[in-house]
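Report on the structure given below.
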Amino acid sequence: METVVVMVAGLVDHDVAVRVWRDRPGSVLVRHVAGETCVRRWVDGIATDVELLHGCVSCTVREDLRELLGAFAGHPVVLHLDPLLEPDVVRRDLGVEVECVITVLDAATWLDDALGDASMVTDERTVAQVVVAQAEAADVLVLQGDADGRTLAVLDRVAPGAHRCTPETVVVRKGTRPRMVPLTPECGVSTAVFTADRPFHPARLNDALDSLLDGTVVRSRGRLWVADEPDVALHLESAGGGMHVGEGGPRAGKTTRIVAITLGEPDSITAAFAEALLTDDELSFVDSIRKLEI
């Protein structure tokens, strides 16, 4: 019998997970909080210390969750994640049915965290990469405190379709699909969209990527065509001051597409990437070299 999970991510100091647990008779409440030498696990309020595996908090929590979910197979589980964890990563690793992801945010500080470049203490991610991933995975966003219009406009674009509420009014529900990102500017928040049908010059692309790390871009994603990688698409993902560019599988079609949620000027982003494309002369030279290789 399959275990159905409700995940509660984001902040630790709140009673949202307990509220959800109490509203679901027969469910099990599981919570993990990382310490310096161990992870403390609570199951229905009973605490147990779990020794760190290889000094890795995420590895320890994931392995412990596998065992717990196996033990509670068939029971509904409310899973209060450690704030270091991203719901989509946990969902993928555990392979469980997730009924709903609830992410709890501090409305006063979330946007500053999402724009920053502070590093996590435990791994190579930035705080921005974690808090943005937690927000965009949400079916329900629980806001602690009052959010200004700019923060709400960003959340409309990071997590379109997510239901927003307070800790006192939290509900378990699925967000609406499909999640369409608003393209109209609001409260100084814009969505930059760049598309191209020719490849990037690799060196100039590196310069263009800096336009996503200037402290105004909350989230960007893209699929890139680069001249020195003709058969492979590169996947781009950034949040605040953190960025990852890696292989994204075989390239399908001669297109590049980048979408960025920014508090700056979207035209400056699209202009930077336009300048990084191969010129007509460079494109002709590359095509002639490939013909010689054939």
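Just so it is clear, none of the values below were taken in a lab; they were calculated from the coordinates. Since we're looking at a predicted model, the values are computed, not measured. Virtual Cβ from ideal backbone geometry, glycine too; neighbours counted across all protein chains shown.
Computed from phi, the 3J(HN,Hα) profile of the range 153-158 under the Karplus parametrisation 6.51, -1.76, 1.60 (θ = phi - 60°) reads 5, 5, 5, 4, 9, 6 Hz, with x in place of Gly and Pro.
The angle between the Cα long axis of helix 127-136 and the longest principal axis of the Cα atoms of the chain comes to about 80 degrees, rounded to the nearest 10. Within the range 4-169, what percent of beta bridges assigned by DSSP are antiparallel, to the nearest 5? Counting DSSP beta bridges with both partners in the range 4-169, the antiparallel share is about 35 percent. Counted over the chain, the DSSP beta bridges are approximately 65% antiparallel.
Based on C-alpha pairs under 8 angstrom that are at least 6 apart in sequence, the range 190-293 has a relative contact order of 39 percent. With neighbour counts taken as other beta-carbon atoms within 10 Å, the residues H163, H80 rank, fewest first, as H163, H80.
Using a ≥ b ≥ c from the Cα gyration tensor of the range 147-198 (square roots of the eigenvalues), is it rounded, prolate or oblate, where a/c under 1.5 gives rounded and otherwise the larger of a/b and b/c decides, a/b for prolate? Judged from the Cα gyration tensor, the range 147-198 comes out oblate (a/c at least 1.5, b/c at or above a/b). Near S119, the amide H atoms lying under 5 Å from its own belong to V127; only residues 5 or more places off or on other chains count, and H is placed 1.01 Å from N. Computed from phi, the 3J(HN,Hα) profile of the range 182-191 under the Karplus parametrisation 6.51, -1.76, 1.60 (θ = phi - 60°) reads x, 9, 7, x, 8, 6, x, 9, 10, 10 Hz, with x in place of Gly and Pro.
When the Cα gyration tensor is reduced to axis lengths a ≥ b ≥ c, the ratio a/c is 1.5 or higher for the range 4-169, and with a/b not above b/c it is classed as oblate.
Going from the fewest other Cβ atoms within 10 Å to the most, the residues T270, T109 appear in the order T109, T270. A helix-only calculation puts the chain at -8500 deg cm²/dmol for mean residue ellipticity at 222 nm, using -39500 (n - 2.57) for each DSSP H run of at least four residues, averaged over all residues. Averaged over residues, the count of other Cβ atoms within 10 Å places the peptides 101-108, 166-173, 187-194 in the sequence 101-108, 187-194, 166-173, highest first. Under 5 Å from the amide H of C100 lie the amide H atoms of M7, each residue being 5 or more positions distant or on a separate chain, with H modelled from the backbone and absent for Pro and chain starts.
Evaluating 6.51 cos²θ - 1.76 cosθ + 1.60 at θ = phi - 60° for every residue in the range 20-35, the Karplus couplings come out as 5, 4, 5, 7, 10, x, x, 7, 10, 9, 10, 9, 10, 9, 7, x Hz, glycine and proline recorded as x.
Decide, for the chain, between rounded, prolate and oblate: order the square roots of the alpha carbon gyration tensor eigenvalues as a ≥ b ≥ c, take rounded if a/c falls under 1.5, and otherwise choose prolate if a/b is larger than b/c, else oblate. Taking the square roots of the gyration eigenvalues as a ≥ b ≥ c, the chain is prolate.
Each of M7, M120, M180, M243 has some number of other Cβ atoms within 10 Å of its Cβ, and from fewest to most they run M180, M120, M243, M7.
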